[in-house]
């Protein structure tokens, strides 16, 4: 790769290249669903419509009671802590298995855009779906034809 200098400035894509490179783990570029502690983090899809923001989080095998969804200011946080224990045998057990799972994902929502009182969440078929409505003044208006005088 060769760098080109124009008017004393680097090309506009150069900072994006650094952000992309340093934002990834050195030897694990394709694993975006793992945190720095090598634990899995559920994937999300986020979509904006004219009236809402929609967040879908893939979290199969969980129950709706496993989630905690919080809005603090304009930061939306989805977290979960789950503990599972299996025991076999007596006090001198020959096998005992347990696991702890937890994650936390936070998203910053645009200020003065979200109608915080009407956020709804559903968990169905392994998918947590949040609908975050926009305030009336932030909703996308239909195009208006302006008459020329």
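List of remarks:
- Filtered residue count, the range 39-73, keeping only those that are surrounded by 13 or more Cβ atoms within 10 Å (Cβ to Cβ) and more than 14 Å from the chain's Cα centre (by Cα): 4
- Any hit, the range 82-95, residues being touching a helix residue (DSSP H, G or I) at 6+ places or on another chain (Cβ under 9 Å) and surrounded by 12 or more Cβ atoms within 10 Å (Cβ to Cβ): yes
Residues are listed down the side, and each one gets a yes or a no for (1) over 21 Å from the mean Cα position of the chain (by Cα); (2) free of Cβ contacts under 8 Å to residues at least 12 places away in the same chain:
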position	(1), (2)
117	no, yes
127	no, no
135	yes, no
148	yes, yes
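Conditions (1) out of contact with any strand residue (DSSP E or B) (no Cβ under 6 Å at 6 or more places or on another chain); (2) closer than 30 Å to residue 137 by Cα; (3) modelled with pLDDT of 85 or more, marked per residue:
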{"residue": "16", "(1), (2), (3)": "yes, no, no"}
{"residue": "23", "(1), (2), (3)": "yes, no, no"}
{"residue": "43", "(1), (2), (3)": "no, no, yes"}
{"residue": "86", "(1), (2), (3)": "no, no, no"}
{"residue": "89", "(1), (2), (3)": "yes, no, no"}
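- The condition of being in a loop (DSSP other than H, G, I, E, B) and surrounded by 11 or more Cβ atoms within 10 Å (Cβ to Cβ) holds for residue 110.
The values are calculated or read from the model by the stated rules, or taken from the named source; none is laboratory data. Remember, it's a predicted structure, so these values are computed and weren't measured experimentally. So basically every Cβ, Gly included, is an ideal-geometry build from the backbone, and we count neighbours across all protein chains shown.
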